[in-house]
Amino acid sequence: MLNKDQIAQRIAKEVKNGQYINLGIGIPTLVANYIPDDLEVVLQSENGLLGIGPFPTEDKVDPDLINAGKQTITMTKGSALFSSAESFAMIRGGHVQLTILGAMEVSENGDIANWKIPGKMVKGMGGAMDLVASADNIIVAMQHCSKDGQSKLLKECSLPITGIRCVKKIVTDLAVLDVLPEGGFKLLERAPGVSVEEIQSKTEGKLVVEGEIPEMTFEV
Amino acid sequence: MINKTVKNADEAVKDVFSNAVLMFGGFGLSGIPENSIKALLEKDLKDLTCISNNAGVDDFGIGLMLQKRMVKKMISSYVGENAEFERQLLSGELEVELIPQGTLAERVRAGGAGIPAFFTPAGVGTEVAEGKEIREFDGKLYLLERWLKADFAFVKAWKGDTAGNLVFKGTARNFNPMMAAAGKITIAEVEELVPAGELNPNEIHTPGIYVQRIFQGKDYEKRIEQRTVRK
């Protein structure tokens, strides 16, 4: 099984040179730590920044410079600042090419639910609905099962939907899977020590297994 | 040049009335109009509709207006981090409309730009789409969303001049420019107010035409919600 950092590390392999990327809160934020130094990518923060840098040192903390998780940040060289309207124009306009975000559930046709649990305090969807409605490539980082052991890869989402037919790839603690255009989760890789049978038993939606499924490898 | 300067926050908010629709710039606690909010708290106001991406925290920002029961309805995209908000919502004292952040930004932009409605892909297939017109363009579905306008818009900038021109700093810009345009009366507070002519016209973010009143703010706290540092 992968820990959160390993999920982030695996997702970082999907990043391509020259991409503009939006990282959600949680595991997706960790992906930034694993993007290889030889790739030039730009991270977008939907509150109005292209070019998120590392967290600041204590003497560089600036209340006027935060990310979408309200954390203090820095800017990289070549950054640009803009309004929220401009920010979502570049998101909806398809200029942000890759969105990586967390989810509570994903369905076999690529629907995602990640903003609301009935009966619990609703905090709001923030920018998630705009992001999933717009990016060409949407990768979900999440645990394969919920804390009480229920599969999060489903035939249909049971929670209120954030977006329909939008998720392209999922990286969980157990596996890497593509969401097929015709529906179904295509198993691509297994986490070290995890069997196809275990993944099958923990995937409620349609799992497509073709040939030998390789185990993930991590460079140290 | 028209001089938009008022003496202070109290004078700027003098005619705000109960039941008014108000907009507040800011993302989290970054770029919020701290001085105007403080001045509003001193007034006997109720049943306000507040349009703001977030609702502050319990003891700062719009959270303080919630504590004083001044707010009837919030229109926001994300309202976590606020226990009093949650209490009023669950008890039915407060009405809340949650909308996708980009839709909120564009509805406000449309309000200031004279565009009554527009189509967006955000929210298709979700409960946000309920009751809204859906139309297909080039094979993809979109929702019809309406503009948002306000009786008063409160914005905060880094620098401003007496003509109402504004310059923002960092990610404190966020919703402020669109809200400036969408208010019937827009009240701008700035960290540094300079005479008209001192700001570089090439570097103005919000032209003064959108601003009716401007004042020099004071005692900015600029609270940080998530102080994250590296060694």
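The values are calculated or read from the model by the stated rules, or taken from the named source; none is laboratory data. What you are looking at is a predicted structure, and each value in this text was computed from that prediction instead of being measured. Cβ sites come from the backbone with ideal geometry, for glycine too, and all protein chains shown count toward neighbours. Please note that ligands, DNA and RNA were not included when accessible areas were found on the heavy atoms of the full protein model with its side chains. Shrake-Rupley method; radii C 1.70, N 1.55, O 1.52, S 1.80 Å.
Okay, here's what the table says:
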| item | result |
| --- | --- |
| Farthest toward positive dipole pole in the protein assembly as shown [+1 Lys/Arg, -1 Asp/Glu at C-beta], among A:MET104, B:GLY125, A:PRO181 | B:GLY125 |
| Residue-averaged beta-carbon neighbours from other chains (10 angstrom radius) around A:68-74 | 6 |
| Hydrodynamic radius (Kirkwood) for the stretch A:46-133, which is based on Cα pairs only, to one decimal in Å | 15.0 Å |
| Average partner coverage of B:115-124, which counts Cβ from other chains inside 10 Å | 4 |
| Ranked packing of B:76-83, B:196-203, B:65-72, most packed first, by mean Cβ within 10 Å | B:76-83, B:65-72, B:196-203 |
| Sequence of B:LYS231, A:LYS202, A:LYS16 when ordered by accessible area, the most exposed leading, probe 1.4 angstrom | B:LYS231, A:LYS16, A:LYS202 |
| Charge dipole (debye, nearest 20) of the protein assembly as shown; +1 at Cβ of Lys and Arg, -1 at Cβ of Asp and Glu | 840 debye |
| Reach of A:LYS123 by Cα under 18 Å, taken over lysines that are not fewer than 8 positions away in the same chain | A:LYS70, B:LYS72, B:LYS73 |
| Backbone N within the stretch A:148-184 under 17 Å of label point (7 Å from A:ASN33 Cα along the Cβ vector) | A:173 |
| Per-selection metrics, the protein assembly as shown (Cα): Rg and Dmax in Å | 22.8, 75 |
| Accessible heavy-atom area order of A:SER107, A:SER201, A:SER79, highest first, probe of 1.4 Å | A:SER201, A:SER79, A:SER107 |
| Within straight-line cross-link reach of B:LYS218, lysines at Cα separation under 16 Å, skipping those fewer than 8 residues along the same chain | B:LYS7, B:LYS38, B:LYS156, B:LYS159 |
| Alpha carbon centroid spacing (whole Å) that separates the stretch A:108-162 from the stretch B:176-227 | 38 Å |
| Helix-only mean residue ellipticity at 222 nm for the protein assembly as shown, each DSSP H run of n ≥ 4 adding -39500 (n - 2.57), per residue, nearest 500 | -4500 deg cm²/dmol |
| Per-q log10 I(q)/I(0), chain A, q = 0.07, 0.09, 0.10 Å⁻¹ (Debye; single scatterer per alpha-carbon; no solvent) | -0.22, -0.36, -0.45 |
| Beta bridges per DSSP with both ends in the protein assembly as shown, % antiparallel, nearest 5 | 40 percent |
| Choice from B:GLY170, B:GLY112, B:GLY63 with maximal GNM fluctuation in chain B (Cα, 10 Å cutoff) | B:GLY170 |
| Reachable aspartates and glutamates, given that their alpha-carbon falls under 14 Å from the alpha-carbon of B:LYS184 and they are not under 8 places away in the same chain | B:ASP15, B:ASP151 |
| Percent accessible area from carbon and sulfur atoms, the stretch A:4-208, protein chains only, probe 1.4 Å | 50 percent |
| Cβ neighbours within 10 Å from other chains - mean over B:221-228 | 6 |
| The stretch B:113-187 - convex hull of alpha carbons, volume per residue in Å³ | 137 Å³ |
| Hz values of 3J(HN,Hα) by residue in the stretch A:35-43 - Karplus curve (6.51, -1.76, 1.60), Gly and Pro given as x | 6, x, 4, 7, 9, 9, 10, 10, 8 |
| Peptides ranked, highest mean first, by Cβ atoms within 10 Å: ranges B:11-18, B:154-161 | B:154-161, B:11-18 |
| Antiparallel DSSP beta bridges within chain A, as percent of all bridges there, nearest 5 | 50 percent |
| Positive-pole candidate from A:VAL132, A:THR172, A:ALA191, dipole of the stretch A:122-220, charges at beta carbon | A:VAL132 |
| B:MET23 accessible area, 1.4 Å probe, all protein chains in place, Å² to nearest 10 | 0 Å² |
| The stretch A:39-84 and the stretch B:47-105: distance between their alpha carbon centers, rounded to Å | 26 Å |
| Förster-model FRET efficiency, 60 Å R0, A:ASN17 and B:GLU95, C-beta, rounded to 0.05 | 0.80 |
| Fluctuation leader among B:ALA181, B:ALA153, B:ALA113 - chain B, Gaussian network, Cα springs under 10 angstrom | B:ALA113 |
| In range of the label at A:GLU212: residues from the stretch A:173-191 whose backbone nitrogen is under 15 Å from the point 7 Å along Cα→Cβ | A:189-190 |
